[in-house]
Amino acid sequence: KKNKTIDFIAKVICLLLAFFLWYYAVSVDTVNYEEEFAEIPVEIVNKSEYAILSGDGITVDVTVSGNRGAVQKLKNSDIRAYVDVSNVTEAGEKLFDIQFKLPSGVTLEKTSVGAVTVYLDNKASKSVSVEAQPFNYSMSSEYTLNISKIPDIVITGPEQIVNKVARAELPVDLNGESLTRGRKYRGKL
């Protein structure tokens, strides 16, 4: 009688273990699961000869599928979206298909955008003068404002934009101070 009770308990435990094993296999490992990831940045790669005028900073929403365990572990940073511009032979506006690199076990189901228009221009460099632009200050009439010469800088970027730049300006906000002596200032051009 004691052996029959132990035998019955062992069968119930085995049945429960089999149920949980079946449930795990069905819900986690074998079911094809989909999830959407929003605002994946589209990177522009192989642009060494050209500068990007427009098309940079675009994002795409993607839906991926795979087994539940693999998909639930994914983060936005695990999905790489990029446009390869290495085959471009001349500057201008071009349409490129977005390519994706996904972790193994995960496949791409759909995307919000399939292609991106990128405007490429030749790279150019140019030396430009820097002018300080002081503002928000007061000064007695017995003083004169004399600004030291600021060294020229070299700018690099798309030829179309670089050619339009005549000078760089350094805005100097003196915070309402009354100027009575010289001072040094650092800021963004």
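The values are calculated or read from the model by the stated rules, or taken from the named source; none is laboratory data. Here the structure is a predicted model, which is why all the values come from computation and not from measurement. Using ideal geometry, Cβ is built from the backbone for each residue, glycine included, and neighbour counts are taken over all protein chains shown. Only protein heavy atoms, including side chains, enter the accessible area calculation; ligands, DNA and RNA are left aside. Shrake-Rupley method; radii C 1.70, N 1.55, O 1.52, S 1.80 Å.
Would you mind stating whether residue 96 is at pLDDT 90 or above, surrounded by 12 or more Cβ atoms within 10 Å (Cβ to Cβ) and out of contact with any Phe, Trp or Tyr (no Cβ under 9 Å at 6 or more places or on another chain)? Criteria met by residue 96. Of all residues in segment 80-92, none are over 30 Å from residue 156 (Cα atoms), aliphatic (A, V, I, L, M) and surrounded by 14 or more Cβ atoms within 10 Å (Cβ to Cβ).
Kindly establish whether residue 157 is small (Gly, Ala, Ser) and surrounded by 13 or more Cβ atoms within 10 Å (Cβ to Cβ). Yes.
A count restricted to segment 122-134 and to residues that are modelled with pLDDT of 85 or more, open to solvent by less than 60 Å² (accessible area, probe 1.4 Å) and either over 30 Å from residue 49 (Cβ atoms) or of a type outside the set (A, V, I, L, M, F, W, C) (or both) stands at 2. Listed here are the strands (runs of 3 or more DSSP E) enclosed by segment 16-75 that have at least 3 residues being closer than 17 Å to residue 98 by Cα, modelled with pLDDT of 90 or more and not β-branched (Val, Ile, Thr): 32-45. The number of residues in segment 99-111 that are in contact (Cβ under 8 Å) with a residue 40 or more places away in the chain and either open to solvent by 70 Å² or more (accessible area, probe 1.4 Å) or under 30 Å from residue 154 (Cα atoms) (or both) comes to 3.
Here's the yes/no breakdown for (1) open to solvent by 70 Å² or more (accessible area, probe 1.4 Å); (2) within 26 Å of residue 53 (Cα to Cα); (3) without any contact (Cβ under 8 Å) to a residue 24 or more places away in the chain; (4) not basic (Lys, Arg):
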{"residue": "136", "(1), (2), (3), (4)": "yes, no, no, yes"}
{"residue": "149", "(1), (2), (3), (4)": "yes, no, yes, no"}
{"residue": "165", "(1), (2), (3), (4)": "no, yes, no, yes"}
{"residue": "168", "(1), (2), (3), (4)": "no, yes, no, yes"}
{"residue": "173", "(1), (2), (3), (4)": "no, no, no, yes"}
{"residue": "185", "(1), (2), (3), (4)": "yes, no, no, yes"}
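Would you say residue 92 is in contact with a strand residue (DSSP E or B) (Cβ under 7 Å, 6 or more places away or on another chain) and without any contact (Cβ under 8 Å) to a residue 60 or more places away in the chain? Yes, satisfied. Among the conditions (1) within 24 Å of residue 62 (Cα to Cα); (2) of a type in the set (Gly, Ala, Ser); (3) over 26 Å from the mean Cα position of the chain (by Cα), residue 132 misses just one, which is (1). Counted as qualifying within segment 77-189 are the strands (runs of 3 or more DSSP E) with 2 or more residues that are hydrophobic (A, V, I, L, M, F, W, C), namely 80-84, 92-97, 106-111, 115-139, 153-158, 167-179.
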